[in-house]
Amino acid sequence: MLLKILKGRAASRTLMDPDDALRRAGELVNESRHGEAIALLDRLLSSMPDCVDGLVLRAVVKRATGQLA
């Protein structure tokens, strides 16, 4: 029982709030830290693949850095 509770808490800590992640990714882009922004967006999209704002922002950053032809 305790193990199940602890696993649930650990899982909830790893889930990120999409609004926070998008805000932070935007800050990273503004600081020209594109690689970190893409990594953050990749983590967000691995748990929420249908996050349209995340998909768009990642594409914009990749396009701006020449990673998307």
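Since every read-out is calculated from the coordinates, none of them should be taken as a lab result. Just so it is clear, the model here is predicted, and its values are computed rather than measured.
Per-residue extension of 0.36 nm, minus the Cα-Cα distance of residue 68 and residue 46, leaves a gain of 6.0 nm for this segment. With an a/c value of 1.5 or above and a/b not larger than b/c for the gyration tensor axes a ≥ b ≥ c computed over the alpha-carbon atoms, the range 20-69 is described as oblate.
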